[in-house]
Structure formats: C-alpha cells, structure tokens
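Okay, structure first, notes after.
The values are calculated or read from the model by the stated rules, or taken from the named source; none is laboratory data. All of these numbers come straight from a predicted model, not from anything done at the bench. Glycine gets a Cβ as well: all are built from the backbone with ideal geometry, and neighbour counts include every protein chain shown. Note: accessible area is taken over every heavy atom of the protein model, side chains too, but ligands, DNA and RNA are not part of it. Shrake-Rupley method; radii C 1.70, N 1.55, O 1.52, S 1.80 Å.
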Amino acid sequence: MNFREIDVTKEVINPFRQIGQEWMLLSAKKGDKVNTMTASWGTMGVFWGKNIVTVGIRPQRYTKEFVDAGEMFTLTFFDGERKKEMGYLGSVSGRDEDKIKKSGLHVTFTEEGEPTFEEGTMVLVCKKLMEVPLDPKDFKEDWIDEKWYPDKDYHQIYTAQIVAAYRMEA
C-alpha cells in the first residue's frame, strides 16, 4: 500500500456525500490492538484556526475505549465502495469477535503509526483537541432526544485536528 500525502485544503471533499451517504470507518489503537466502527455522522471544517473533524461515539461502543486510550484516531473513506463490509463493521462488536478479520478488510498503518485499511481511498489522521458529552438539556428541539436517543445513550463528541491526510494508491 502506498500513501500519498495530500493537502486537505486542496481536495474536493463533500462531507454530506462521503460521511452521510458513503460512510467512513473510525479507527484507533489501544496497545497492540486495533478496533474500528462505521460512522455516518460527523462534520469537517475549520475551528480554532485548524482543519478539524467532529465525530460522535455512543458510550457503549467498544471503539470508544480505543479512542479514549490515545490522542489520535483515523477516519478512512472508501469512495462508495465496501458498503457491505462497513455495514458489518457497524453492526458487530469487536468485543465479541475479530470483526476486522471477518470483514475481509486489511489493517495497515499510516506514517504516524495510526490504523487504516488497505482498501481505503483516503485517510485522515486526527488528533483529539476536545471531547464533550451531549447533554439533552442543550437540545433546542425535543424531537432530537425523542428520535435519536430513546435509550438515553448520548454521544460523546470529539473534535480533532486533521494532522495528516493521505490518498491510498495501489
């Protein structure tokens, strides 16, 4: 797998399509283990003078333990490919099985030593800058809590700086 570093400010990235429709894998390592989860919610932009991403992780997700264990995580995109594998990775817990191996995807590591996937097309290496829990008292519309949080399992929101970005080339 070859990585070509890219400048995200010069890339054409459509977060509405790439996150909301094509999805991404959010991955992190803890010790010598890697875990990942499918994410279809998130944002990209500029805050505090940095290129940032914001993602949410529900408290029961095993990947949250991995994100919390370090200061970095990655977001891997597949340009609309691998939806079957991503669906599987989003529905099975890494606590219960080696879901990455069963998915057929192959872990590789960025120059920074962070996990991504050989089959991906773009990876963002992210350094956590802030994390805050969602609090339903802050919702301005009741439907948000009613529709998205019937189990009261509110996301932890992570804002992270994009410290490196790569296109993967075979």
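Quick notes on this one:
- When residues of region 121-136 are limited to those that are open to solvent by less than 50 Å² (accessible area, probe 1.4 Å) and part of a strand (DSSP E or B), the one nearest to Asp79 (Cα to Cα): Met122
- Residue in region 111-120 that is modelled with pLDDT of 95 or more, of a type in the set (Phe, Trp, Tyr), open to solvent by less than 40 Å² (accessible area, probe 1.4 Å) and part of a loop (DSSP other than H, G, I, E, B) present: no
- Within region 83-97, the residues that satisfy the criterion of being open to solvent by less than 90 Å² (accessible area, probe 1.4 Å) and part of a loop (DSSP other than H, G, I, E, B) are Val92, Ser93, Gly94, Glu97.
- Test: residue in region 137-149 that is within 23 Å of Leu89 (Cα to Cα), surrounded by 13 or more Cβ atoms within 10 Å (Cβ to Cβ), without any contact (Cβ under 8 Å) to a residue 12 or more places away in the chain and of a type in the set (A, V, I, L, M, F, W, C): yes
- Strands (runs of 3 or more DSSP E) contained in region 1-81 and holding at least 2 residues open to solvent by less than 40 Å² (accessible area, probe 1.4 Å) and free of Cβ contacts under 8 Å to residues at least 12 places away in the same chain: none
- Every test in (1) within 16 Å of Pro59 (Cα to Cα); (2) in contact with a strand residue (DSSP E or B) (Cβ under 8 Å, 6 or more places away or on another chain) is passed by Asp153 save one, and that test is (2).
- Selection from region 99-110 of residues that are of a type outside the set (A, V, I, L, M), out of contact with any Asp or Glu (no Cβ under 7 Å at 6 or more places or on another chain) and either assigned to a helix (DSSP H, G or I) or surrounded by 16 or more Cβ atoms within 10 Å (Cβ to Cβ) (or both): Lys99, Lys101, Lys102, Thr110
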